[in-house]
Every structure is written in structure tokens, then in C-alpha cells.
Amino acid sequence: MTAIREALWTRPGPRGRWALWTAVAAAGLALAGVAVLRSVPEPGEMIPVVRVVRGDVRITVTESGELRAAHQATVSAPTDKQIVWLVPEGSRVREGDELVRFESQKYEIAKSSAESALAVARAGLRRARSDLAGHRATEERARLEYVSLPPLAEKGFITQSELDGARLAYEEVRAETRSRMAAVDAARANVDRAEQEVQQQERKLAEGTVHAPRAGVVVYATTGD
């Protein structure tokens, strides 16, 4: 028993050490082989595959800042009108597109009244011109009658008082002609005023809509812009 214990505790020699390291290495290789074998997929198991494609790499950088239009147009509108429609903010519009629509009923009524007044004024002008034309004919007859009397008065066929009466009648007709001419001028002035009123109401009615002066994107203005 003593001899056996000594043999067990005796340090191995060079050959023994070589044999020991060989055994350890073999065991390590065996374990590695087992690990490799375990990583191999089983038959029928799918292996994920990704196709590599050449392309650009997109990098997005987020920064804070202020965006301003290179070209902008400020559109204003009268403040005494009620807005009934407004183009939504952010809408893309073309030149001439409608942006704002105002309440226009009272302006339509005013325009209709102005047109009626214009029609009356034009009728008055036609009547004044017709009266003037008819009176001019009366004036011409009075003139012809008057210019024919002096020779008769010289020959004694009529008296001086009759000649003076014809002259006075002719002067009265001429005065009435001037009055008729003044009436035509007044009627023409009435027509001009009525036409101006119609044009003014048409402008107000046209101002019932605001159109885009150029193409762009609609942005509502804030106080101070």
C-alpha cells in the first residue's frame, strides 16, 4: 500500500507530461468539434439571406429654422365688408383665382337702383332732345314769318305794330329755344351722374371678390405681418 501511494504522488516525467498535454488538446478539439457540429443547420432549416445592392445612403438631419417665401404678395381687403367665403390656408392658387368673397346683396340692390335711375335719366334726355328738335321747327317758322314782314311794312301792307308783334313773337320763340337747350344740357348732366353712379356701384360689386395677383400658396397673415 505504501508503494502504491508513492507512485500516485510522484511528479510525472517529460514523457508523461507530453502525454498529458496531448490528451488535454484532444479533449479541446473534441469539444470544438461538437460546438461546430451544433451550429450547422438541420436539414430543411432556412438560412436568412440578404441581397446586397449598391446605392446612396440617405442621412436625415432635423434642424429648426424659419421658412420665408422668395417672392410674396400681400392681399388686403376693405374692412367694412362681411366675409362670406375665404380660401383655405395652404391652398395652391393660380393667378386670377378667387381668394375672398364678401357679402354683396346690398351692393347688388344699389347697382339695380342706379341702373333704374340711369334709365330714367336717359329717357329724360331723349324727351328733352325731342322737345328741342320740335321747338327748333317752330323757331324756324317764326323766323321766316318775321323776315318776310318788313318789306310788307315798307309797302304799307301791314302796320308797324304788326311788325313789332311778329318780332316779339320771334324773340319769345328764340328764348324758348334757349330754355329747351338748357333743358337738354341738364338732362345730359343727369345721365352723366347716373352713369357715374352705376360705375361706382359696379366697382363696389366687383370689390366683392378678391383674386390672386399671382400664383402661389395662401398663407394667412397674423397681427404685425
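Using θ = phi - 60° and the Karplus form 6.51 cos²θ - 1.76 cosθ + 1.60, what ³J(HN,Hα) does each residue of the stretch 194-208 get, whole Hz, x for Gly and Pro?
5, 5, 5, 5, 4, 4, 5, 5, 5, 5, 4, 5, 5, 6, x
Which whole number of Å³ per residue matches the convex hull of the alpha-carbon atoms in the stretch 102-202?
64
What is the dipole size for the stretch 155-222, taken about its Cα centre, with +1 at each Lys and Arg Cβ and -1 at each Asp and Glu Cβ, in debye to the nearest 20?
Result for the stretch 155-222 is approximately 260 debye, rounded to the nearest 20.
Where nothing but the Cβ of Lys and Arg (+1) and of Asp and Glu (-1) is charged, how large is the charge dipole of the stretch 58-181 around its Cα centre, in debye to the nearest 20?
Its charge dipole is roughly 260 debye.
Run the quick spin-label model on Val147 and Glu172: label points 7 Å from Cα toward the beta carbon, then report their separation in nm to one decimal.
Each label point is offset 7 Å from its Cα along the Cβ direction, giving 2.2 nm.
Between Ser179 and Ala137, what is the label-to-label distance in nm when each label sits 7 Å out along the Cα-to-Cβ direction?
According to this spin-label approximation, the distance is 2.0 nm.
Using a 1.4 Å probe and ignoring any ligands, DNA or RNA, find the accessible area of Leu86 and quote it in Å² to the nearest 10.
80
Treating the Cα atoms of the stretch 41-145 as identical point scatterers in vacuum, please give the log10 of the normalised Debye intensity I(q)/I(0) at q = 0.10, 0.22 Å⁻¹, two decimals.
-0.76, -1.23
Based only on Cα atoms, what Rg/Rh ratio does the stretch 164-225 have, Rh being taken as Kirkwood's radius?
Here Rg/Rh amounts to 1.58.
Have a look at Gly134, Ala121, Ile158 and report the one farthest towards the positive end of the charge dipole of the stretch 61-183, computed about the Cα centre with Cβ charges (Lys/Arg +1, Asp/Glu -1).
Checked the options; the winner is Ile158.
So, with +1 on the Cβ of K and R and -1 on the Cβ of D and E, and no other charges, what is the size of the charge dipole of the stretch 81-148 about its Cα centre, to the nearest 20 debye?
So the dipole magnitude of the stretch 81-148 works out to roughly 240 debye.
Any chance you could run the full-extension gain for Lys106 through Ala73? It's 0.36 nm times the residue separation minus the Cα-Cα distance, nm to one decimal.
Once the chain is fully extended between Lys106 and Ala73, it gains 8.9 nm.
Filter the chymotrypsin sites (Phe, Trp or Tyr not before Pro) in the stretch 111-204 to those in DSSP coil with at most 14 other Cβ atoms within 10 Å of their Cβ, and list the result.
Phe157
The values are calculated or read from the model by the stated rules, or taken from the named source; none is laboratory data. Here the structure is a predicted model, which is why all the values come from computation and not from measurement. Counting neighbours? That spans all protein chains shown, and the Cβs are built from the backbone with ideal geometry, glycine included. Ligands, DNA and RNA are stripped out before the accessible areas are found, and what is left, the full protein with its side chains, is counted by its heavy atoms. Shrake-Rupley method; radii C 1.70, N 1.55, O 1.52, S 1.80 Å.
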